[in-house]
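Following: one structure in structure tokens, then a few remarks.
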Amino acid sequence: MKTGQPDLLQTVSCHTEGAINALALSKDGSHVVVAGRNVFKIYSIEDNQFYERNNLRVGRHLNLNFSASDVSWNQVEDHMLASAATNGAVVIWDLNRLSKSKQEHVFQEHRRTVNRVNFHETEANLLISGSQDGSMKLFDVRRRAVSTTFSSGSTSIRDVQFCPANLGYFNFGAADESGNVQLWDMRRPDKVEKQLTAHSGPVFTIDWHPDDKNWLGTAGRDKMIKVWDLQKEKVIHLVQTIASVAQIRWRPSRRFHIASCSLLVDFSINVWDIRRPYIPFAAFEEHKDVATGIVWKKDDPHVFFSSGKDGFLYQHIFHDAKRPADHTIPAGIDMSIMGDIAFAYSDKPGITGKSKSSGGRMSLFRKAPDRSMQFTQVNSLMHMFSQWDESVSMEWFVTSAKEYLLKGRPVQELCEHNATVAEKLNRYQVAQSWRLLQNLFGTTVTSAHPPLHQPRTVSMVSTISERQETEREVEHMYIFTRNCIQVHGRVQDSAFQTPSLMAFNRRKVDELFLVKQSAD
Amino acid sequence: MITDDLSPKPTDVDSLRFVHCLTSRDPNIRNRGFEMITRTIDTWLGGYGSPPGPRMERVNGGLDCIALVQEQLGDLLRLSVQCPFDDVREKCINLLEDLKERGRGLKVPRRIGDGPCRFIPENEVMPVNTTEDQTQMLYVDAFLQNNRLDHVTQLVGFHPSYLECFLRTQQFLLREDGPLPFDYRHFIAIMAAGRHQCSYLINLHTQEFILKGGDPAWLRGLNFIPKKLRDLYEINKLLAHRPWLITKSHIEKLTRGTGKDNWSLSELMHALILLSHFHALASFVYGCGIHTEIDHTGGHSYRHHSTSESNSNDTDYNSDGSSDGGIPTDSDSEVGIEILMERMRKLTEEEEETTHEERLKRFEKVESQSVELTTSSKQPSPKADILKFVDDSEYVYQDFAKRGSVSEIPTFRAQDYSWEDHGFSLANRLYAETGTLLDDKFRMAYNLTYYTMGEMVNVDTTAFRRAIWNYIHCMYGIRHDDYNYGEVNHLLERSLKAYIKTVTCYPERLTKKDYDNVMKGFKHSEKVHVNLMLLEARMQAELLYALRAVMQYMT
């Protein structure tokens, strides 16, 4: 642990003159490589400053092999790097080469963009790649040949990561575009060992837990970070973020902490305590465009490096992190569909942790678990108010829907019944409308123009083979529609055309009659 | 829009809704609905309950009842042909026959054209009462959603799994919860279709616009619409023809004004998706020669059948005869399917080593070399009732390669801003669910294959499909790093490239001859398939530029 002189470390940055897609750290953590479409450089970190040590993007033919979507640093032989190119190449770089160009070998094995390259932690010659073409290839770097190809069918591979060597020497995990996470044994290229349907939509990133071999973090376009128990094949923790997750990395020596950055919109790097998934434990908001890579300093939970599309390379110090929870007001209010209002607040207003977060860096970290305890200690009180005021409650709507009758009885009776229902609910205008409708039918059918309508009714009914209740209603509706035509020149609304349509439009009936009533 | 006195255009909601009571899955309801229609027509024609008197047309509040009936005949004619329900078609046919016999000054229309599109004989299109269950189900769905089974839907019926995505997306964009009011959505569709003078879509959405309670005044043209919609026009124009010119300042102009004419980002997202959807759909409409809907002007006629009229009334299109200059007439040199397959096989076998420079050159070559149909410079002259929705109609696609200063507008790298990673998330963020729907649709269009080519079966068509997709992106300056653009020249014949380019960029110039001359040996369903890919690839290309600009604005 490099925590001997922690206070000397500072958050520092440097601009690399090009959007960065990925970064990787050398074995001893003294150098960092950044790679992107137009940048490929190595920096050393000394005395809180980045120094450019090497520019690998040199040579006469700066072709697409120099455009990297990912980069990996060999953790055994410190002079070896690998990069994944957007044109499908996997490129090996040797820093010991004497010539200016450090490009050692180009594998043209993939047919589509390579999304990830990853060196084995302890086997210097093993490199794995995952590509858009749906295959993963295990390279023997020394022999300059592909030793094994793993295929997931045609779905693109977005991430592939070796399991930490002490936990599973031969294992690696892969994430594909259709939401699956696959676990492979490199000795068994014919068959995937385990497959989890992990996300809806592409999985962009996976990360093995450094200490627990059963834990695997996965995240993707569905904005979720999931922690899986691989033994039980179950999600044990779930963090819902606000944007597609581009990368996740477990924090060393902190079992429940994981860092994440977003693919778009959200520029901050968040460190989550997976047990408290609703608010980031810490946030680093230095980048001016999305962060593209996170890498923790080996075994040091206080320092990590990040790269961004803004072209900046950062060394982040945990001390400088923002703690979003400190700025949150612990109170909430919400309203249910029934009109109930719930209100929750902290019983000790004013103590939100801000005052406790002062103090030295070490004390801060000793307190880290405490602080998450503190949230639970804040006893929040919740009140619920039931609200039965007409203005808020929609109860009348439900009751009306339940009690209104639209068929089964003569129309006059139906109208009277519905008017009573509306009255009971204190909706007098609506009740009036029903009565109006009742009168409309009552007068037209019985008294106003009996000679005109009576024969018509008979003739119509006789054309219909079955004299059923519903048919009568059609008839009534029809007459009514006619009246509308006579009064207004047109059918007012298609809602009247058939009883069934009218049934769908109860409220519409109410409203339209209100309108008519006021017009009259 | 009244251009023909014989076919009064129903312009009010009641009239348009008259036949909507037939839109039901339940045959009893349809039955009753039809009773309603018959009775109402009876009343209109015959007065009430008594034998028709000499001047009965003018009873019922002084309305011209004959005109009321006349308005409905187009719809009834359409239903007699384009309806997935046998009972409705049958009844409509009988009713029309009946009306014809009654006379009474009614002019009973007759359908023009045969089948949903000009390029494919009617008997080769999926019939409206097809026995393919999935397609039939979708036809019914479409009919219930839209109150019509439109020609586009019927034609896409070749590819039910795609049709499903397509209908779901279109329904969502136009009729479900979203940031924009319904009348806006349809007017935006009209504006988008106007860029290609696509009267088919304009008619369709004019009608929908009225149904959704839109202000009829807007239909008088762009000068009568709210400023907010008017502001969108610039982006509409760029998006349709030169999407690479869209920058974040365009977005800013729309969203960062003051007052009520501002667009929220969600509204704008909705509008952008609608615009690109209808630009691309216009390509498809022309690419397949979709016929005017039967109930729309130009879809039916009152005159007796005469041979000369069969083409001329299809107002959207170039008349066929005059287009000798169409596709480069080396059509006899077009290779057959077997050779194409041979080439694809070769591609997979010999992975040739190519240097970066070569690849770049190839991209540029494909980009600049793209051929177009030199339609003897005879462009269809758009009509006034379309032009009122169009501003700057001279503005058309220009080759990306000739875009002027190369340094200012670099090629768009698909690897740096892709639909799957970035576009999707942004779309979903600003307009929930659209991302998912579009994603399904793009993926469906890109991956759809039946492993056939013409008469051949078990063909891996991946290379061919990818070439088409990437060629379209190439025309819009979108470059896929991991694609060898040599394949485009290898697999796509000059004539096919010309066809693709015309349909994508200048769809209004396409003629039947062009359609017939490409992809010889392909089945019609496969040609429709290619057209669907054009639709989706174009839509994606437009969206990529638009969404990138939105993102740059947001961040």
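The values are calculated or read from the model by the stated rules, or taken from the named source; none is laboratory data. Computed from a predicted structure; not experimentally measured. When we count neighbours, we look across all protein chains shown, and the Cβ atoms used for this are built from the backbone with ideal geometry, even at glycine.
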Restricting segment A:189-203 to residues that are part of a strand (DSSP E or B) and either in contact (Cβ under 8 Å) with a residue 24 or more places away in the chain or within 14 Å of another protein chain (Cβ to nearest Cβ) (or both), the residue that is surrounded by the fewest Cβ atoms within 10 Å (Cβ to Cβ)
A:Lys194
Taking segment B:79-108 as the region of interest, how many residues are of a type outside the set (Val, Ile, Thr) and either under 19 Å from the mean Cα position of the chain (by Cα) or part of a loop (DSSP other than H, G, I, E, B) (or both)?
9
The residue that is nearest to A:Val76 (Cα to Cα), considering only those in segment A:104-128 that are among the aliphatic types (A, V, I, L, M) and more than 14 Å from every other protein chain (Cβ to nearest Cβ), is A:Ala124
Could you tell me how many of the residues in segment B:512-555 are among the small types (Gly, Ala, Ser), surrounded by 20 or more Cβ atoms within 10 Å (Cβ to Cβ) and more than 14 Å from chain A (Cβ to nearest Cβ)?
3
Every residue from segment B:466-506 that is of a type outside the set (S, T, N, Q), within 14 Å of chain A (Cβ to nearest Cβ) and either touching a Cys at 6+ places or on another chain (Cβ under 8 Å) or in contact (Cβ under 8 Å) with a residue 40 or more places away in the chain (or both)
B:Trp469, B:Ile478, B:Arg479, B:His480, B:Asp481, B:Asp482, B:Tyr485, B:Gly486, B:Glu487
Hits in segment B:408-427 (condition: away from chain A (no Cβ under 14 Å) and either surrounded by fewer than 15 Cβ atoms within 10 Å (Cβ to Cβ) or modelled with pLDDT of 85 or more (or both))
B:Glu408
Could you say whether any residue in segment B:12-25 is on the phi > 0 side of the Ramachandran plot, within 12 Å of another protein chain (Cβ to nearest Cβ) and at pLDDT below 80?
no
The lone condition B:Met444 fails out of (1) within 30 Å of A:Asp222 (Cβ to Cβ); (2) crowded, with 21+ Cβ neighbours inside 10 Å; (3) in contact with a Phe, Trp or Tyr (Cβ under 7 Å, 6 or more places away or on another chain) is (2)
Can you tell me which residue among A:Asp289, A:Asp310, A:Asp299 is farther than 20 Å from A:Ser244 by Cα, modelled with pLDDT under 95 and either hydrophobic (A, V, I, L, M, F, W, C) or assigned to a loop (DSSP other than H, G, I, E, B) (or both)?
A:Asp299
Sort out for me the helices (runs of 4 or more DSSP H) sitting completely within segment B:176-254 that have 2 or more residues that are of a type in the set (Gly, Ala, Ser).
B:182-194
Based on this model, can you work out whether B:Gly477 counts as buried (at least 16 other Cβ atoms within 10 Å of the Cβ) and more than 24 Å from A:Ser200 (Cβ to Cβ)?
yes
Within segment B:65-117, track down each residue that is in contact with a Cys (Cβ under 7 Å, 6 or more places away or on another chain) and not polar (S, T, N, Q).
B:Leu76, B:Leu79, B:Arg89, B:Cys117
Examine segment A:244-263 for a residue that is farther than 20 Å from A:Gly311 by Cβ, assigned to a strand (DSSP E or B), without any contact (Cβ under 8 Å) to a residue 24 or more places away in the chain and away from chain B (no Cβ under 14 Å), and state whether such a residue exists.
no
Which condition number does A:Ala82 fail, the rest of (1) more than 34 Å from the chain's Cα centre (by Cα); (2) within 26 Å of A:Gln315 (Cβ to Cβ) being met?
(1)
Any idea how many residues of segment B:109-146 are part of a loop (DSSP other than H, G, I, E, B), touching a Lys or Arg at 6+ places or on another chain (Cβ under 9 Å) and surrounded by fewer than 19 Cβ atoms within 10 Å (Cβ to Cβ)?
1
Residues being in contact with a Leu (Cβ under 7 Å, 6 or more places away or on another chain) and not β-branched (Val, Ile, Thr): count how many of those fall in segment A:141-173.
3
Screening A:Lys41, A:Lys2 for residues that are modelled with pLDDT of 90 or more and of a type in the set (D, E, K, R) leaves only A:Lys41
Tally of residues being away from every other protein chain (no Cβ under 11 Å), in contact (Cβ under 8 Å) with a residue 40 or more places away in the chain and farther than 20 Å from B:Leu532 by Cα across segment B:428-465:
4
Give the residue, chosen from A:Leu56, A:Leu81, that is away from chain B (no Cβ under 14 Å), surrounded by 23 or more Cβ atoms within 10 Å (Cβ to Cβ) and over 25 Å from A:Asp300 (Cα atoms).
A:Leu56
Tally up the residues in segment A:274-317 that are more than 14 Å from chain B (Cβ to nearest Cβ) and under 21 Å from the mean Cα position of the chain (by Cα), please.
13
Among the residues of segment B:158-172, is there at least one that is modelled with pLDDT of 90 or more and assigned to a loop (DSSP other than H, G, I, E, B)?
yes
